[in-house]
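Structure record follows, encoded as structure tokens.
The values are calculated or read from the model by the stated rules, or taken from the named source; none is laboratory data. Worth saying up front: this structure is predicted, and the values here are computed from it rather than measured. Because the Cβ atoms are built from the backbone with ideal geometry, glycine has one as well, and the counts that use them run over all protein chains shown.
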Amino acid sequence: MTHLTKHLWINGQWTETQTYYELHAPYDRQLIANIAKADASHVQVAIDGAHRAASVMRARPAYERAAILAKVALLLQARREEMARLCAMEAGKPIRAARAEIDRTITTYQFAAEEAKRIYGETIPMDAAPGGSNRLGMTWREPLGIVVAITPFNFPFNLVAHKLGPAFAAGNTVVLKPANQTPLSALAIAELFDEAGLPAGALHVLTGSGRELSDELLRDERVRKVTFTGSPEVGKAIKSKAGLRKVTLELGSNSALIIEPDTNIPNIIERCVDGAFAYAGQVCISLQRIYVHEHVYDEFCERFIAQTAQLRVGDPLEEETDISTMIHTHEVDRIEEWVQEAIAQGARIGCGGQRDGSAWEPTVLLDVTPEMSVSCKETFAPVVSIVKYRELDDAIALTNDSAYGLNIGIYTSNIDRAFYAARALEAGAVIINDIPTFRLDHMPYGGVKDSGYGREGVKYAVEEMTELKFVSIRLNT
């Protein structure tokens, strides 16, 4: 295979660097490309360029910003299979899941194009207060300027879209730092935006070490917002350095699902297995903890384990593959340690529990207790725990006994119990009669506790990427 050499994307052109790193496919370690490593000087050039382009973007009318985003969606649709294979290769994502990600990414940019035309203000009834008579009041939203976006490996197209789409819809410029393992997708999107007519300097893509670049990206006060998806530890560090600047943080989770005794178990098994093991569990809202009522526990476990055993582990580029490699071998080492620790503490393996080359077998754990790492931490791996409960309040307490609170699911046909749980559960979203892995790209998305700060979902991200301005006019009388 002939590998590529990819440079930085700065000020609308490719920029070479002194050093490059080798990018290998997670599945077979084949060399894919040599990727440029940015340094502090490149960060400064990118921010300077983004600052100059900010006035250009601010002046662009909404319909032009919308047209650019809509064209990117069309260009991405035309190259769907090419981009899906790129995603499968560099991220190790099974090709069917990669195609689904490209489809979601197209939808996200379409939503962003629509939201560019829907950035509304409101009128304020000034005469509602003494002294407000003969005055008009109104609000509107203005772009912030420079947005720094830092994205992870697990959804290299769609999570980038959730940063770029709202930012450009709002009239901002972006300096993007993609994950080390998935730079090619970000660079491919930069080319599409260039083809779609995005002004030079409105988007910069800096590849290389996030650890080496993050301080430089935050040091310049012209950066008005940081939007980050990644680990809680890095997110907290970013927030501490951001000061009064806006921050959106999408962090970790150990998402839970509660299954009440009135649930039709056969109808939900395939959905639950998909939520637990899609993309090897490397999803922020992957189903990690399942709390099943004692009356249906045995049936659920039997059916869930049987369905899990049918999953095929293999090459991400093969159509039949359900689960492929994890992103790095050290992640396989970590989850092996956590599973062995759980077994030593009394957990049982329902199925799986072994390495499979560079992958980890889809694994079901039983008799798990809350203090085990596979329960209280984010596994980010194809490992799920099934735990029996007696009363709904017990399941709610177990679910809430977590440092995280992103998405939580509950299956029940009792509407009163569904809304009782929805009010009691500590999470950014409660998904009734579906798995917590459910997400559409226009819904508000974000967590509480260590799961994050702020909200994504295109409309909500646009709001967080703008500044609200109030204007009052005193009328002549």
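Here are a few things to note about the model shown:
- Taking the listed residues Val72, Val148, the one that is of a type in the set (A, V, I, L, M), buried (at least 24 other Cβ atoms within 10 Å of the Cβ) and part of a helix (DSSP H, G or I) is Val72, with no other qualifying.
- Qualifying positions in region 220-248 - hydrophobic (A, V, I, L, M, F, W, C) and either exposed (fewer than 15 other Cβ atoms within 10 Å of the Cβ) or within 13 Å of Pro152 (Cβ to Cβ) (or both): Phe228, Val234, Leu244
- Counting residues in region 150-170 that are over 17 Å from the mean Cα position of the chain (by Cα), aliphatic (A, V, I, L, M), farther than 30 Å from Gln30 by Cα and in the same structural domain as Gly210 (by TED's automatic domain parsing) gives one or more.
- Qualifying position, being touching a residue at least 60 places away in the same chain (Cβ under 8 Å), among the charged types (D, E, K, R) and out of contact with any His (no Cβ under 8 Å at 6 or more places or on another chain), among Arg99, Arg80, Arg135: Arg135
- Residue within region 393-410 that is closer than 22 Å to Leu251 by Cα, of a type in the set (S, T, N, Q), touching a residue at least 24 places away in the same chain (Cβ under 8 Å) and surrounded by fewer than 20 Cβ atoms within 10 Å (Cβ to Cβ) present: yes
- Failed item, numbered, when Ser472 is tested on (1) more than 18 Å from Pro166 (Cα to Cα); (2) touching a helix residue (DSSP H, G or I) at 6+ places or on another chain (Cβ under 8 Å); (3) buried (at least 17 other Cβ atoms within 10 Å of the Cβ): (3)
Rundown of residues vs (1) more than 24 Å from the chain's Cα centre (by Cα); (2) in the same structural domain as Ser375 (by TED's automatic domain parsing); (3) of a type outside the set (Ser, Thr, Tyr), yes/no style:
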{"site": "Val234", "(1), (2), (3)": "no, no, yes"}
{"site": "Ala237", "(1), (2), (3)": "no, no, yes"}
{"site": "Ser240", "(1), (2), (3)": "no, no, no"}
{"site": "Asp262", "(1), (2), (3)": "yes, yes, yes"}
{"site": "Glu270", "(1), (2), (3)": "no, yes, yes"}
{"site": "Ala278", "(1), (2), (3)": "no, yes, yes"}
{"site": "Gln307", "(1), (2), (3)": "yes, yes, yes"}
{"site": "Thr321", "(1), (2), (3)": "no, yes, no"}
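- Residues considered: Gly171, Gly165. Of these, the only one that is of a type in the set (Gly, Ala, Ser), crowded, with 24+ Cβ neighbours inside 10 Å and not in a helix (DSSP H, G or I) is Gly171.
- Taken over region 258-278, the criterion of being outside any strand (DSSP E or B) and either crowded, with 24+ Cβ neighbours inside 10 Å or of a type in the set (Gly, Ala, Ser) (or both) is satisfied by Cys272, Val273, Gly275, Ala276, Phe277, Ala278.
- Candidate set from region 357-387 (those that are of a type in the set (A, V, I, L, M, F, W, C), on the phi < 0 side of the Ramachandran plot and under 24 Å from the mean Cα position of the chain (by Cα)); member that is surrounded by the fewest Cβ atoms within 10 Å (Cβ to Cβ): Cys376
- Given (1) closer than 24 Å to Glu260 by Cβ; (2) in contact (Cβ under 8 Å) with a residue 40 or more places away in the chain, number of the condition Phe380 does not satisfy: (1)
- Ala188 being part of a loop (DSSP other than H, G, I, E, B), surrounded by fewer than 24 Cβ atoms within 10 Å (Cβ to Cβ) and in contact (Cβ under 8 Å) with a residue 12 or more places away in the chain: no
- Selected residue (only one of Asp127, Asp103 is surrounded by fewer than 17 Cβ atoms within 10 Å (Cβ to Cβ), more than 26 Å from the chain's Cα centre (by Cα), assigned by TED's automatic domain parsing to the domain that holds Thr15 and outside any loop (DSSP other than H, G, I, E, B)): Asp127
- Some residue of region 364-373 being within 15 Å of Arg334 (Cβ to Cβ) and either in a helix (DSSP H, G or I) or of a type in the set (Asp, Glu) (or both): yes
- Taken residue by residue, region 346-356 has at least one member that is touching a helix residue (DSSP H, G or I) at 6+ places or on another chain (Cβ under 7 Å), among the charged types (D, E, K, R) and surrounded by fewer than 19 Cβ atoms within 10 Å (Cβ to Cβ).
- Count - residues of region 106-124 that are of a type outside the set (Val, Ile, Thr) and not in a loop (DSSP other than H, G, I, E, B): 7
- Selection status of Ala91, at pLDDT 95 or above, surrounded by 13 or more Cβ atoms within 10 Å (Cβ to Cβ) and touching a Pro at 6+ places or on another chain (Cβ under 8 Å): yes
- Enumeration of residues in region 315-363 that are part of a helix (DSSP H, G or I) and of a type in the set (Val, Ile, Thr): Thr329, Val332, Ile335, Val339, Ile343
- Residue list for region 64-96, restricted to those being β-branched (Val, Ile, Thr) and closer than 19 Å to Phe277 by Cα: Ile95
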